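Accompanying notes for the structure given below.
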Amino acid sequence: MTEKYAFAAAQARALVEGTPEDVPNMANLAALVWQTMDRINWAGFYTVTPQGDLLLGPFQGKPACIRIPYGKGVCGTALARQEALVVPDVHAFPGHIACDSASRSETVAPVVRDGKVIAVLDVDSPEPDRFGPEDVEFLQAVAEILAQHP
Ligand code: SME
């Protein structure tokens, strides 16, 4: 992990320390991702509902779509596959859900707690092909910090 991301991951651990509730932790982690990553226009969480779909959670950026069905869009696909996704060109992704028309590339990391996806961490960029392996590694680390807490 790059030095910047390793430092931010340490900050993420410190931020959730002592807080067992997911909502404030997601809010602070979204803010941390937002201030850490450059060239992004949206960063935040969708939580998995009891029905298995996605519901908008804490985020930074423009207002976004509230519900995403299981298996739909980039987020619903990452949920269904239970794996991180990188979409270098959102216009080329079948079923991509456009919330901010400025978004050109996107990455999603699932938050897996006790073997179940409980949320996804979604980040958009106005730049095509913005996200590489080191970005994904950072977002997976943040997702894991949330998942393994408390
Ligand atoms: N583009 C996402 C929807 C969420 S927004 O990017 C904030 C998707 O296709 O799932």
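We did not get these values from a lab; they are worked out from the coordinates using the rules stated. Keep in mind it's a predicted model, so treat the numbers as computed, not measured. So basically every Cβ, Gly included, is an ideal-geometry build from the backbone, and we count neighbours across all protein chains shown.
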So which residue, out of ALA31, ALA92, ALA84, gets the largest mean-square fluctuation from a GNM of the chain using Cα contacts under 10 Å as springs?
ALA92
What lysines does LYS116 reach when the alpha-carbon gap must be under 22 Å and sequence neighbours fewer than 8 apart in one chain are set aside?
LYS72
Backbone HN-Hα couplings from phi across region 38-54 [Karplus 6.51/-1.76/1.60, Hz, Gly and Pro as x]:
8, 6, 10, 10, 7, 8, x, 10, 10, 9, 8, 7, x, 7, x, 9, 10
What whole number of Å gives the distance from the Cα centroid of region 29-61 to the Cα centroid of region 79-113?
12
Virtual spin-label span in nm between ASP38 and GLU17, 7 Å along Cα→Cβ:
2.9
For the pair LYS4 and ALA64, the simple spin-label estimate (label points 7 Å beyond Cα toward Cβ) gives in nm 2.0
Residues with amide H under 5 Å from that of LYS72, placed H, sequence gap 5 or more
THR77
Multiply the residue separation of ALA80 and ALA102 by 0.36 nm, subtract the distance between their alpha-carbon atoms, and state the gained length in nm to one decimal.
5.4 nm
Residues whose built amide H sits under 5 Å from the amide H of ARG113, excluding neighbours closer than 5 in sequence, are ILE118
Sequence order, region 86-102: Karplus ³J(HN,Hα) from phi using 6.51 cos²θ - 1.76 cosθ + 1.60, θ = phi - 60°, Hz rounded, Gly and Pro as x, gives 10, 10, x, 9, 5, 5, 9, 8, x, x, 3, 9, 8, 9, 10, 5, 6
Sorted by packing (mean other beta-carbon atoms within 10 Å per residue), highest first, where do 116-123, 140-147, 34-41 land?
116-123, 140-147, 34-41
Under 5 Å, built H, 5+ apart or other chain: amide partners of ASN41
ASP124, SER125
What three numbers, in Å, describe the spread of the alpha carbons of the chain along their principal axes, ordered from the longest?
40, 36, 25
